[in-house]
Each structure stands twice: as C-alpha cells, then as structure tokens.
Amino acid sequence: MSVARRVLPTAESSGFTLLEVMVALFILAILAVTVSQSLYQRTAISLTQQQRLPLILCARSLESEFAIERYWPDVGHHEGPHAGQASECHWQLEVEETGLPEVRRGTLQVSAPPDPRPLRFTVFLAP
C-alpha cells in the first residue's frame, strides 16, 4: 500500500522557474520592440510633415495669389520663383483645358532649394 505524500514548499522551491522568467522576458521584449517601432514611425512622420510644411504654405500662398489676381494662364507650362511668408520656393504649373470654357485645370508643383523633391497639387483656375 502506498501512501501519497504531500510536498510542502520550502524556501528552496519558492519563486519562479527559469521557463517562467524566460517567457516574461520574451513578452517584455516584444512590447519594447512594438513601442520603439511606434516611436520611430511617429518621429519619421513628424519630420516629414515639418519638411513639407513650407511647401504647403507656399502652394496655398500661390493659389491665393492666383485667385486674387484672377490669373488666367495660357494652356501649357509656366514657372517662376515665389517668395512666400514662410520661405522661398520655385513653382511650375502645367495648365490644361477642361470641358468647361471658363475653367482650366493646373498641376502645380512646388519645390524648395534644399530639397529637390516637389510636392504636386491640382488647382482649378477661372477668370
């Protein structure tokens, strides 16, 4: 006849096993990687927005000037420098006819000297 013996925890057997500690560290490592990737993406997006903001302001300023001056360019390619409030930029406008006689469609590209990559916008011009 066998007697079942209960093993009481002693000071040596209390605590976490190595497997439990390794699983906890693995979970913490996954969380750390997730948080660091999120911070990296937010920083990259913020930097991109910061670099694009002067170009966006330049395009808005050009569009306002076009509306105020009732700029009515011929169909084709137009370009020039623009000194906006935030910074100076270079603009290019490719004008096309639309189906309406009083409306022309333009693709406006603005770029700033340090960054040669232009931003493109679509504008509609009316006399």
Restrict the check to region 80-95 and report whether at least one residue is over 17 Å from Pro113 (Cα atoms), in a strand (DSSP E or B) and of a type in the set (D, E, K, R). yes
Could you please find all residues in region 14-24 being assigned to a helix (DSSP H, G or I) and surrounded by 10 or more Cβ atoms within 10 Å (Cβ to Cβ)? Glu20, Val21, Met22, Val23, Ala24
Take the conditions surrounded by fewer than 12 Cβ atoms within 10 Å (Cβ to Cβ), modelled with pLDDT under 95 and assigned to a strand (DSSP E or B) and apply them to Pro116. Does it pass? yes
Provide a single number: the residues in region 96-113 that are of a type in the set (Ser, Thr, Tyr) and in a loop (DSSP other than H, G, I, E, B). 1
Kindly indicate which of Leu62, Leu100, Leu28 is modelled with pLDDT of 85 or more, within 23 Å of Pro118 (Cβ to Cβ) and surrounded by 10 or more Cβ atoms within 10 Å (Cβ to Cβ). Leu62
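The values are calculated or read from the model by the stated rules, or taken from the named source; none is laboratory data. Just so it is clear, the structure is predicted and the values come from calculations on it, not from any experiment. Every residue, glycine among them, receives a Cβ derived from its backbone with ideal geometry; neighbour counts consider all protein chains shown.
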